[in-house]
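Reading through the structure tokens given below for one structure.
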Amino acid sequence: MSDKKAGSRDISELKQRLGLKKGAAPQAGSTRANGASGGVIAPPGLAVPPPPGAAQPQQPIIPNAAEDPFGAMNAMAAVAQAKPQKEFIIVNDGKPVENVGAQSHGASIAKMAVPAAIALIVGIAVGKIGSGASSYNDGLRGARAILGDKTTPSTVRQLKATLSEIDSFLDESKTKFNFRPNSEVDKKLKELAAKLDVKMDLVFRAKQSSLDAALSGQIMSFYAGVTEVKDLIDTHNKAATYDDIMLKKGKEAADKATLTENDAAPLAGQFRYAVVMSAPTDTDKTDFGAKLVEIAGVYCGSSNTPTAKCPDGEYPAAFAYRSEPGATPTKGDLVTTGSDNVPAKKVVLLLPNGIRDAFVKGTEPTVSEVYYTKRLKALYDRVHGKPGQDGKPVGGLLDDGNKLETRLGTEANKSTRFSFFM
């Protein structure tokens with residue numbers, strides 16, 4: 001009995017919850033008449049018409065759920081379907097959905113990047129123009145600094161003026177001394193070499209500027225030549241220190257071998273050595289040839305005693321010579337003319353040449369003198385140039401300096417350009 005009552009109670013409660021039990025209170029949220037806001041709540045089984053003047057409802061009438069639960073559900077579904085829905089338009093662009101956000105982000109970046117790129121390009125162009133003008137102006141300043149003037153050390157004009165002094169001095173030495181050893185020449189060259197001061201920082205600054213390659217090469221070649229000339233003078237002066245010792249020794253020997261007024265006045269200044277021809281005769285079976293002899297004085301008039309000089313106005317009748325050191329002098333005639341033959345027992349003077357000088361002065365002094373002359377000649381050729389086919393000097397450093405001065409003068413006279421980097 002208890003089970004039956006319990007089941008009846010459960011069914012009763014279910015009907016009450018569904019609104020199917022008579023006299024049950026309507027549930028909250030129960031259906032309003034016609035589904036309109038502000039309408040009268042319809043009691044179970046009664047449909048209340050809308051107020052007068054109200055628009056007729058377009059939705060279907062929802063049956064009472066207590067009477068027809070399934071009809072009420074279908075009507076409610078129809079009302080829900082009749083409500084206007086948001087319209088969604090689907091466009092297929094062929095791209096995955098995840099790319100939509102990325103594309104939007106890329107577009108934003110592009111809008112910012114394009115103006116920045118344009119500004120960057122303009123900035124680079126302006127920078128290049130300004131940098132080019134600045135480099136051009138640096139080149140002009142470099143050309144003017146290198147050209148300089150005759151009073152500024154290491155400039156082209158000052159070095160060229162010094163080279164011109166060296167050229168003139170060497171040309172004078174060639175004429176007077178034939179580049180023979182001379183201490184005054186060495187002293188003057190040392191003074192001139194001190195003016196050939198090359199500042200390499202100035203040279204390399206010019207090379208790194210905007211000067212064209214040909215002009216930069218011309219500058220480097222000229223300054224290298226100046227350094228070479230300075231080295232030639234320095235080397236000569238160092239060698240001349242040793243040469244001076246040898247040349248002094250040779251000079252002493254030459255002075256000793258030179259005749260003086262007290263030896264043989266008519267031949268004073270000549271070396272005391274001469275040559276006597278020898279030829280066999282019927283009475284003298286001597287060998288044919290020439291002997292190197294020493295002049296020992298002169299004979300005056302009919303005297304057979306040699307002396308240093310004859311009385312004033314009297315010319316020697318013969319010359320005394322000896323074939324052996326300390327031997328008794330022999331009388332012989334001095335020969336100064338003749339072309340085809342020279343008579344025997346006649347005295348012939350020695351003409352100046354290197355062999356004679358080497359014989360008289362010694363080997364070392366002679367070698368020193370030879371190299372002294374060669375050094376000065378090499379220095380002269382480097383500065384002045386060697387004679388060309390037309391006889392004019394070519395390849396001289398002085399000529400290179402003249403050409404470089406003209407070229408730098410043209411560059412230095414150009415106007416500067418406007419630059420942000422000036």
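Brief remarks follow.
- Inside region 249-269, residues that are surrounded by 13 or more Cβ atoms within 10 Å (Cβ to Cβ) and touching a residue at least 24 places away in the same chain (Cβ under 8 Å) make up a count of 12.
- Filtering region 264-277 to residues that are under 21 Å from GLY326 (Cβ atoms) and either in contact with a His (Cβ under 9 Å, 6 or more places away or on another chain) or in a strand (DSSP E or B) (or both) leaves PHE271, TYR273, ALA274, VAL275, VAL276.
- In the set (1) exposed (fewer than 14 other Cβ atoms within 10 Å of the Cβ); (2) in contact with an Asp or Glu (Cβ under 8 Å, 6 or more places away or on another chain); (3) assigned to a strand (DSSP E or B), the condition left unmet by PRO280 is number (3).
- Test result for GLY301, of a type in the set (Gly, Ala, Ser), free of Cβ contacts under 8 Å to residues at least 24 places away in the same chain and touching an Asp or Glu at 6+ places or on another chain (Cβ under 9 Å): yes
- Close pairs (8 angstrom Cβ cut-off, 6 or more residues apart or separate chains): under 20 Å from LEU334 (Cβ atoms) in region 347-363, part of a helix (DSSP H, G or I) and of a type in the set (A, V, I, L, M, F, W, C) anywhere: LEU349/LEU267; VAL360/ALA253; VAL360/ALA254
- Looking at SER323, SER302, SER278, just one residue is farther than 28 Å from GLU364 by Cα and touching a Ser or Thr at 6+ places or on another chain (Cβ under 9 Å), and that residue is SER278.
- Only one entry in THR235, THR241 is among the polar types (S, T, N, Q), modelled with pLDDT of 90 or more and assigned by TED's automatic domain parsing to the domain that holds LYS187, namely THR235.
- Flag for LEU404 being closer than 14 Å to VAL226 by Cα and assigned by TED's automatic domain parsing to the domain that holds THR227: yes
- Residues of region 285-302 include at least one that is at positive phi, part of a strand (DSSP E or B) and in contact with a strand residue (DSSP E or B) (Cβ under 6 Å, 6 or more places away or on another chain).
- Criterion: out of contact with any Cys (no Cβ under 7 Å at 6 or more places or on another chain), polar (S, T, N, Q) and without any contact (Cβ under 8 Å) to a residue 12 or more places away in the chain - qualifying residue of THR373, THR307, THR337: THR337
- Pairing residues of region 159-172 that are assigned by TED's automatic domain parsing to the domain that holds VAL226 with residues that are outside any helix (DSSP H, G or I), at Cβ distances under 7 Å and at least 6 apart in sequence or on separate chains, gives LEU159/LEU196; ALA161/LYS150; THR162/LYS195; THR162/LEU196.
- Count of residues meeting criterion [part of a helix (DSSP H, G or I) and exposed (fewer than 14 other Cβ atoms within 10 Å of the Cβ)] in region 349-369: 3
- Residue identified as at pLDDT 85 or above and either of a type in the set (Gly, Ala, Ser) or not assigned by TED's automatic domain parsing to the domain that holds LYS345 (or both) among LYS207, LYS230, LYS199: LYS230
The values are calculated or read from the model by the stated rules, or taken from the named source; none is laboratory data. Computed from a predicted structure; not experimentally measured. Reconstructed Cβ throughout: ideal geometry from the backbone, glycine too, with neighbour counts over all protein chains shown.
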